[in-house]
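Inspection log for the structure reproduced underneath, given as structure tokens.
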Amino acid sequence: MVGAYDINSLGLDLSDFKIVWVDNVPFFVPKDMDVLEEKYLFASQLTLMFSQKSVDNVLKNYLSGFEESRSSITSSQEEILIEGILNISKQTYNALHKKLSDINFGEGTVSTIACNALFFRLAPTFRAIHYCINFYYYFEGFSLIRLVLEQLAYAYTASQVASGKFKTFVSPTKSVGILKNLLPNAGRLYNVLSKKAHIDKSEIHNYIKIENEQHFVLLHDINYALEASAYLLLVLDLMNCTFEYCFKNYGIHFENTFLDRNKAVFLKEDRDFRNLANSKIAQIELLLKMPANKLMRA
């Protein structure tokens with residue numbers, strides 16, 4: 001079986017950081033760096049740039065009003081909502097990782113080996129998604145979210161190989177259609193993500209902006225990134241349900257699905273994460289001034 005590892009051994013999640021510019025030089029710093037710490041970062045770098053001998057001199061002569069200027073900078077509603085959704089995503093995957101690490105698979109089967117590896121492997125994929133959404137690279141974010149959905153679908157069919165339901169492993173794209181047996185909205189979600197993850201004539205307005213008879217290519221945009229975060233929530237809901245299906249025989253606690261007397265897995269309509277996701281998606285629609293239910297629901 002794939003050995004368990006500490007989630008922190010993957011290194012840094014860059015969505016936990018922000019960029020601070022010091023005279024056109026970018027610095028990645030923790031998001032919780034306070035104003036005083038930022039001030040001393042500026043002071044240390046300006047001391048080097050200006051060939052000064054004393055940081056105190058730079059603090060006194062160049063940064064006397066630093067705290068006041070920084071305190072006037074506030075986060076927008078879009079930034080706050082994105083930050084909250086990214087935190088939900090991190091907490092959700094980390095909780096799943098802990099459950100996976102606690103399962104005793106014994107020798108395992110061909111199915112459990114595949115599923116175990118796949119769910120562990122989602123960790124860096126989610127970190128890449130968090131980075132893209134945090135820095136508003138929405139096109140790349142949509143593409144990676146679609147990748148997660150494909151891998152979840154593959155896990156769903158792979159989990160049934162050892163039982164003989166499938167004679168061999170099914171490709172991820174073909175597995176999406178089969179995943180609809182458990183998650184009816186998987187197919188529609190995949191179609192939407194496929195459309196968002198390709199630049200074609202139906203989506204070109206999301207990538208080109210025209211002003212004063214000139215066109216500009218959008219590389220990043222906070223509103224589109226916020227929309228991408230809605231689909232991240234939808235895929236996280238699917239992940240929770242697929243996980244419980246794949247490892248239903250290993251004594252896990254069922255929060256999103258339930259087993260009937262024949263040990264068949266069914267979705268719970270009233271599941272906590274689904275309700276949370278739908279609440280956040282409604283907030284996104286309101287903030288982006290979209291019609292109600294414009295975006296998909298879990």
Worksheet, complete the sentence: When (1) within 29 Å of Y224 (Cα to Cα); (2) surrounded by 15 or more Cβ atoms within 10 Å (Cβ to Cβ); (3) at pLDDT below 90 are applied to V2, the one that fails is (1)
Worksheet item: Quick one: how many residues across segment 45-68 are within 27 Å of N134 (Cα to Cα) and either of a type in the set (D, E, K, R) or free of Cβ contacts under 8 Å to residues at least 12 places away in the same chain (or both)?
Response: 2
Fill in: Odd one out for L182 among (1) assigned to a helix (DSSP H, G or I); (2) closer than 27 Å to L152 by Cα
(1)
Item to complete: Report, by residue number, each residue of segment 245-272 that is aliphatic (A, V, I, L, M) and either within 17 Å of T92 (Cα to Cα) or buried (at least 16 other Cβ atoms within 10 Å of the Cβ) (or both).
Response: I252, V265, L267
Response to the item:
Inside segment 96-123, the number of residues satisfying the requirement of being of a type in the set (S, T, N, Q) and either surrounded by fewer than 19 Cβ atoms within 10 Å (Cβ to Cβ) or not in a helix (DSSP H, G or I) (or both) is 3
Item to complete: State yes or no: is R297 touching a helix residue (DSSP H, G or I) at 6+ places or on another chain (Cβ under 6 Å) and buried (at least 20 other Cβ atoms within 10 Å of the Cβ)?
Response: no
Worksheet entry | Among (1) of a type in the set (A, V, I, L, M, F, W, C); (2) more than 19 Å from T257 (Cα to Cα); (3) without any contact (Cβ under 8 Å) to a residue 24 or more places away in the chain, the one test that A95 misses | (2)
Worksheet item: Can you spot a residue in segment 124-145 that is in a loop (DSSP other than H, G, I, E, B) and β-branched (V, I, T)?
Response: no
Worksheet item: Does segment 195-213 contain any residue that is of a type in the set (G, A, S), assigned by TED's automatic domain parsing to the domain that holds R274, within 29 Å of S15 (Cα to Cα) and without any contact (Cβ under 8 Å) to a residue 40 or more places away in the chain?
Response: no
Discussion item. Any residue that is at pLDDT 95 or above, closer than 30 Å to K18 by Cα and in a helix (DSSP H, G or I) - is there at least one of those in segment 154-177?
Written reply: no
Discussion item. Take the residues in segment 200-247 that are in a loop (DSSP other than H, G, I, E, B) and of a type in the set (F, W, Y); name whichever of them is nearest to M290 (Cα to Cα).
Written reply: Y207
Practice prompt. Identify all residues within segment 43-64 that are of a type outside the set (A, V, I, L, M, F, W, C) and assigned to a helix (DSSP H, G or I); write none if there are none.
Written response: S44, Q45, T47, D56, N57, K60, N61, Y62
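Kindly establish whether D32 is in a loop (DSSP other than H, G, I, E, B) and either of a type in the set (D, E) or buried (at least 16 other Cβ atoms within 10 Å of the Cβ) (or both).
Taking the combined requirement at face value, the residue satisfies it.
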Worksheet entry | Lone unmet requirement of (1) closer than 20 Å to E78 by Cβ; (2) buried (at least 21 other Cβ atoms within 10 Å of the Cβ); (3) not hydrophobic (A, V, I, L, M, F, W, C) for T157 | (1)
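The values are calculated or read from the model by the stated rules, or taken from the named source; none is laboratory data. As the structure is a computational prediction, the values presented were derived from the model and not from experiment. Methodologically, a virtual Cβ is constructed for each residue, glycine included, from the backbone with ideal geometry; neighbour enumeration extends over all protein chains shown.
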